[in-house]
Amino acid sequence: RQHYPWYVFMNDTVAQGDSLLWNPLEGCGMPFFALWRSRCLSPFSLPFHFFDAETGLKVSAFLKLLAAGICGFLAGRRLGFAPALALFIGLSFQLSASMFHWLSSPLSDTLPWLPLLLIFVDRLALGRIHYWPFGALVLALMLLGGEPEAVGGILIVTVFFIIARNLLGRRGYVQLFASLSTYAIAAAIAA
């Protein structure tokens with residue numbers, strides 16, 4: 001009831017050839033494209049541009065779950081787990097309540113990229129700041145998902161992770177400053 005009408009509106013607008021930027025009859029004249037939660041630019045909204053609304057919803061849900069599983073698997077492999085355990089991590093993340101239960105909410109457009117962000121943050125905490133373009137891309141994909149509160153919460157938790165990892169690893173304050181400033185730059189570029 002809350003998010004599906006936006007998908008239908010996006011689908012109808014594209015099918016009629018109208019502009020998604022502004023429709024004076026929708027939302028009291030507020031630009032639909034300017035609503036963050038409308039997810040017009042999310043990669044998972046692309047099926048609504050090519051299929052009817054019902055088929056687009058199914059394809060979008062499949063793509064979200066596929067991306068979550070692949071990202072979970074890649075994160076497991078990058079953290080050094082065996083392929084079978086990394087596959088279990090990917091399947092567990094793919095079928096978690098945050099992904100599977102809320103497939104129509106903006107949260108499900110944001111969370112599939114979370115394992116890749118965790119890899120980026122881990123690399124930053126280890127002092128590998130040359131990964132910043134990767135982190136900026138992942139953060140941008142998360143921001144396009146339409147859930148700014150979730151991304152803000154994730155940013156706060158990951159900053160605490162970088163601080164704790166640097167302090168517990170006794171890497172020094174120079175490394176901590178480099179990691180945090182690189183993370184801030186990647187977040188600013190993503191925004």
Could you please state how large a percent of the accessible area of the chain is carbon and sulfur, counting protein chains only and using a 1.4 Å probe? 72 percent
Any chance you could look up the accessible area of Phe134 with a 1.4 Å probe, heavy atoms only, rounded to 10 Å²? 80 Å²
Residue with peak Gaussian network fluctuation, the chain [Cα springs, cutoff 10 Å], from Ala150, Ala140, Ala164: Ala164
P(r), alpha carbons of the chain - 5 Å bins starting at zero, rounded %: 1, 8, 14, 17, 17, 15, 11, 8, 5, 3, 1, 0
Computed over the chain, protein heavy atoms only, probe 1.4 angstrom, the accessible area per residue in square angstrom equals 55 Å²
Dividing the helical contributions, -39500 (n - 2.57) per DSSP H run of n ≥ 4, by the residues of the chain yields a 222 nm value, nearest 500 deg cm²/dmol, of -20500 deg cm²/dmol
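Stretched out fully, how many nm does the piece from Phe160 to Ala188 gain, at 0.36 nm a residue minus the Cα gap?
Gain in length upon complete extension: 8.3 nm.
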Which ³J(HN,Hα) values, rounded to whole Hz and listed in residue order, are derived for the range 183-191 from phi using the Karplus coefficients 6.51, -1.76 and 1.60 in 6.51 cos²θ - 1.76 cosθ + 1.60 with θ = phi - 60°, glycine and proline given as x? 5, 5, 5, 5, 5, 5, 5, 4, 5
Can you give me the Rg/Rh ratio for the range 143-191, using Cα atoms for both radii and the Kirkwood formula for Rh? 1.05
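The values are calculated or read from the model by the stated rules, or taken from the named source; none is laboratory data. On a predicted model such as this, the values are computed, not experimentally measured, just so you know. The protein model used for the area step is the full one, side chains on, heavy atoms only, and it has no ligands, DNA or RNA in it. Shrake-Rupley method; radii C 1.70, N 1.55, O 1.52, S 1.80 Å.
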